[in-house]
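First up is the structure itself, then whatever we jot down about it.
The values are calculated or read from the model by the stated rules, or taken from the named source; none is laboratory data. Just so you know, these numbers come straight off a predicted model, no measurement behind them. Note that we place each Cβ from the backbone using ideal geometry, even for glycine, and neighbour counts take in every protein chain shown. The protein model used for the area step is the full one, side chains on, heavy atoms only, and it has no ligands, DNA or RNA in it. Shrake-Rupley method; radii C 1.70, N 1.55, O 1.52, S 1.80 Å.
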Amino acid sequence: CHQWPPAGRLAAGELAAWQAQFEAAWGLIERDYPRYAPGIAAGLTTLLPLANDVPGREISAAARQAFGAIAAARPASGADLALLIIHEFQHVKLGALTDMFDLCDRTDQRAYFAPWREDPRPLGALLQGTYAHIGVTDFWRVRRHQVTGPSALAAAERFARWRALTAEAVETLAGSGALTPLGARFVDGMRATVTPWLGEPVPDAAAAAAERWAAERRQARHRPGGS
């Protein structure tokens, strides 16, 4: 996990930039997110660079059919890449699990609201997104203590935002009635992870900003033509 794959079609300068950013990201994961590091080190085999016409825009993806691989456009910093890796490897892990076990009733055809999307999602997709956003929430939960000043306030706001949205999604999953017994146990474990985070204190300004963002999302959802 410490070395970049062969250069392929990357220009030398771009390869060097990727290698430096990956090393920064991996160092941060090892230092600040040690619970994620062993799984990523064991399972991540490929990081595929994506084209990006807006420098610094965060683009990433993972495919269930390609275990161990994630794709990303090079973001603005090593910390941003660490977040993308943690996020996407959550998808990789859950994809492997759902290849082996049924967590959802495959006959369920309903669509469910995902708090971070405009479009409703099938239950399996909501489970994937929720599990991935546990990693996102945990990233900001830790990150807010590793930075200072405006960056710390911004990280605290993102933590407050994502913990609320992820907890909401967990309850949607739990109340769906379409989880298998193993899926229900898995979601109970997700709830046990997220629930204590809801009681962690954040600055009032961060909590207020997170609530404003959530309120705007709710209003957009109920406008004519919204999801």
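Would you pick out the residues in the range 158-211 that are out of contact with any Leu (no Cβ under 8 Å at 6 or more places or on another chain), among the small types (Gly, Ala, Ser) and either in contact (Cβ under 8 Å) with a residue 12 or more places away in the chain or part of a helix (DSSP H, G or I) (or both)? First the steps, then the outcome.
In the first step, residues of the range 158-211 are kept if they are out of contact with any Leu (no Cβ under 8 Å at 6 or more places or on another chain); the result is 158-162, 165-166, 168, 170-171, 174-175, 177, 181, 184-185, 188-189, 191-202, 204, 207-211.
Remaining after also requiring among the small types (Gly, Ala, Ser): 160, 174-175, 177, 184, 189, 192, 199, 207-210.
Once the filter is applied, which keeps residues that are out of contact with any Leu (no Cβ under 8 Å at 6 or more places or on another chain), among the small types (Gly, Ala, Ser) and either in contact (Cβ under 8 Å) with a residue 12 or more places away in the chain or part of a helix (DSSP H, G or I) (or both), the range 158-211 yields Ala160, Ala174, Ala184, Gly189, Ala192, Gly199, Ala207, Ala208, Ala209, Ala210.
Go through the range 93-108 and count every residue that is open to solvent by 10 Å² or more (accessible area, probe 1.4 Å) and not in a loop (DSSP other than H, G, I, E, B). Please lay out each step first, then the result.
Of the residues in the range 93-108, the ones open to solvent by 10 Å² or more (accessible area, probe 1.4 Å) are 93, 96-102, 104-108.
Narrowing the set further to residues that are not in a loop (DSSP other than H, G, I, E, B) leaves 93, 96-100, 104.
Residues in the range 93-108 being open to solvent by 10 Å² or more (accessible area, probe 1.4 Å) and not in a loop (DSSP other than H, G, I, E, B): 7 in total.
So how many residues does the range 141-157 have that are without any contact (Cβ under 8 Å) to a residue 24 or more places away in the chain and crowded, with 17+ Cβ neighbours inside 10 Å?
Going through the range 141-157 one residue at a time, the tally reaches 1.
Being farther than 21 Å from Ala214 by Cβ, hydroxyl-bearing (Ser, Thr, Tyr) and open to solvent by less than 50 Å² (accessible area, probe 1.4 Å) is true for just one of Thr180, Thr172, Thr130. Which residue is that? Reasoning before the result, please.
Values: Thr172 fails: farther than 21 Å from Ala214 by Cβ; Thr130 fails: farther than 21 Å from Ala214 by Cβ.
Testing whether each residue is farther than 21 Å from Ala214 by Cβ, hydroxyl-bearing (Ser, Thr, Tyr) and open to solvent by less than 50 Å² (accessible area, probe 1.4 Å) leaves just Thr180.
Kindly indicate whether any position in the range 41-63 is out of contact with any Asp or Glu (no Cβ under 9 Å at 6 or more places or on another chain), modelled with pLDDT under 90 and under 18 Å from Val136 (Cβ atoms).
yes
Can you say whether Gly124 is farther than 30 Å from Asp32 by Cβ and open to solvent by less than 30 Å² (accessible area, probe 1.4 Å), as far as the supplied structure shows? First the steps, then the outcome.
Values: farther than 30 Å from Asp32 by Cβ: yes; open to solvent by less than 30 Å² (accessible area, probe 1.4 Å): no.
Against the criterion (farther than 30 Å from Asp32 by Cβ and open to solvent by less than 30 Å² (accessible area, probe 1.4 Å)), Gly124 does not qualify.
Being surrounded by 12 or more Cβ atoms within 10 Å (Cβ to Cβ), at negative phi and more than 17 Å from the chain's Cα centre (by Cα): is that true of Glu200 here? Spell out the reasoning first.
Numbers: surrounded by 12 or more Cβ atoms within 10 Å (Cβ to Cβ): yes; at negative phi: yes; more than 17 Å from the chain's Cα centre (by Cα): yes.
For Glu200, the condition - surrounded by 12 or more Cβ atoms within 10 Å (Cβ to Cβ), at negative phi and more than 17 Å from the chain's Cα centre (by Cα) - is met.
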